[in-house]
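Worksheet: the structure to be examined is printed underneath.
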Amino acid sequence: NAGVTQTPKFRVLKTGQSMTLLCAQDMNHEYMYWYRQDPGMGLRLIHYSVGEGTTAKGEVPDGYNVSRLKKQNFLLGLESAAPSQTSVYFCASTGDADTQYFGPGTRLTVL
Amino acid sequence: AQSVTQPDIHITVSEGASLELRCNYSYGATPYLFWYVQSPGQGLQLLLKYFSGDTLVQGIKGFEAEFKRSQSSFNLRKPSVHWSDAAEYFCAVGPYGGATNKLIFGTGTLLAVQP
C-alpha cells in the first residue's frame, strides 16, 4: 500500500513549455485534490475531483487543467508554464468526510 | 468569508519546553478541524482532527488540541517539545459531511527547537 504517490519529484521548465504531473492513489478514494504551496501562503486548492470523470475548480485554477480518467489517477497539466507557477505541488485524496492523505510533493521551477 | 488564521509565522522554543500554536477560523457551517505537520521536503501528515464530542482531542506524537467554539479557536499544544518536532504546522478547516471535502488551510507556523 503506497498511499499517494506523485511523479515527478522535481522538474525545471522554461516559460511556455508544457508538462503533466501525475498523482496516483491506491486507497480506492473517491476524492482527489491538487494544491500548490508557496511561502507564506499555505496550501491553496487548484482543482479537485469528487469521482472518476469529474473535476472542479478550486481557489487558484487559472493556467492549470486536470483530468480524472481513472479513479486512482489525477493529472495536473500546465499548457504554457509561467514563472508564477514555480511552486511545490501536492496531491491529496480522501475517502469521505475525513482525513486527506498527501503525496510527497513535486517541486516545479519555471525559468 | 471562510478562512483560517495562524497568527504566528515562526516560533522558537527550547527542547523540553511546552508549546502552543494558535489557530483561529471563520466558517459558516459546522467545521471539521485538522492539524497537519510538514517536515522539510515532505508531504503533510495528519496530527489530529475534531468534529464533535470532547473538545480536547489527542493526536499522534504527544500533541493535543482544544476546540473553543466561543473563540473560534483550535489551538495545538504539546507539554514537552522534542527536537524532532521542528517542522511546519498547518491548521485546516473543512465541511463535515460536505460533498467536496475541500479544506481551507492556514498559512502555517514554522517551529524551531533550540537544544
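The values are calculated or read from the model by the stated rules, or taken from the named source; none is laboratory data. Just so it is clear, the model here is predicted, and its values are computed rather than measured. Neighbour counts are summed over all protein chains in view; Cβ atoms, including those assigned to glycine, are modelled from backbone coordinates with ideal geometry.
Brief remarks follow.
- Boolean, A:Thr15 is part of a loop (DSSP other than H, G, I, E, B) and of a type in the set (Val, Ile, Thr): yes
- Test: residue in the range B:71-78 that is surrounded by fewer than 16 Cβ atoms within 10 Å (Cβ to Cβ) and closer than 26 Å to A:Cys91 by Cβ: no
- Those residues of the range A:7-33 which are of a type outside the set (Val, Ile, Thr) and under 11 Å from the mean Cα position of the chain (by Cα), in sequence order: A:Leu21, A:Leu22, A:Cys23, A:Ala24, A:Met32, A:Tyr33
- Scanning the range A:24-47 for residues that are over 22 Å from A:Gly63 (Cα atoms) and polar (S, T, N, Q), we see that the one that is nearest to the other protein chains (Cβ to nearest Cβ) is A:Gln25.
- Cβ pairs under 9 Å, 6+ apart, first in the range B:20-46 and under 14 Å from A:Gln37 (Cβ atoms), second assigned to a loop (DSSP other than H, G, I, E, B) and at pLDDT below 90: B:Tyr36/A:Gln100; B:Leu44/A:Gln100
- From the options A:Gln17, A:Gln6, A:Gln37, A:Gln25, residue that is within 17 Å of A:Pro83 (Cα to Cα) and either touching a Pro at 6+ places or on another chain (Cβ under 9 Å) or crowded, with 19+ Cβ neighbours inside 10 Å (or both): A:Gln37
- Checking B:Leu33, B:Leu48, B:Leu44 one by one, the residue that is at the interface with chain A (Cβ under 8 Å from one of its Cβ atoms) and either within 18 Å of A:Ala92 (Cα to Cα) or surrounded by fewer than 17 Cβ atoms within 10 Å (Cβ to Cβ) (or both) is B:Leu44 and no other.
- Qualifying residue in the range A:52-66 (condition: touching a residue at least 24 places away in the same chain (Cβ under 8 Å), of a type in the set (Phe, Trp, Tyr) and surrounded by 15 or more Cβ atoms within 10 Å (Cβ to Cβ)): yes
- Residues in the range B:82-96 that are within 14 Å of A:Thr99 (Cβ to Cβ) and assigned to a loop (DSSP other than H, G, I, E, B): B:Tyr96 alone.
- Top-ranked residue in the range A:54-97 [being among the polar types (S, T, N, Q) and in a strand (DSSP E or B); ranked as nearest to the other protein chains (Cβ to nearest Cβ)]: A:Thr94
- Taken together, the residues in the range A:67-101 that are basic (Lys, Arg) and in contact (Cβ under 8 Å) with a residue 24 or more places away in the chain amount to 2.
- Condition check for B:Lys61: touching a residue at least 24 places away in the same chain (Cβ under 8 Å), basic (Lys, Arg) and more than 14 Å from chain A (Cβ to nearest Cβ): yes
- Residues of the range A:67-87 classified as of a type in the set (A, V, I, L, M) and buried (at least 18 other Cβ atoms within 10 Å of the Cβ), total: 4
- Count of residues meeting criterion [within 30 Å of B:Pro31 (Cα to Cα) and more than 14 Å from the chain's Cα centre (by Cα)] in the range A:63-93: 1
- Single residue of A:Glu52, A:Glu30 found to be out of contact with any Gly (no Cβ under 8 Å at 6 or more places or on another chain) and of a type in the set (Asp, Glu): A:Glu52
- Qualifying residue in the range A:98-108 (condition: over 18 Å from A:Thr15 (Cα atoms), within 10 Å of chain B (Cβ to nearest Cβ) and not in a loop (DSSP other than H, G, I, E, B)): yes
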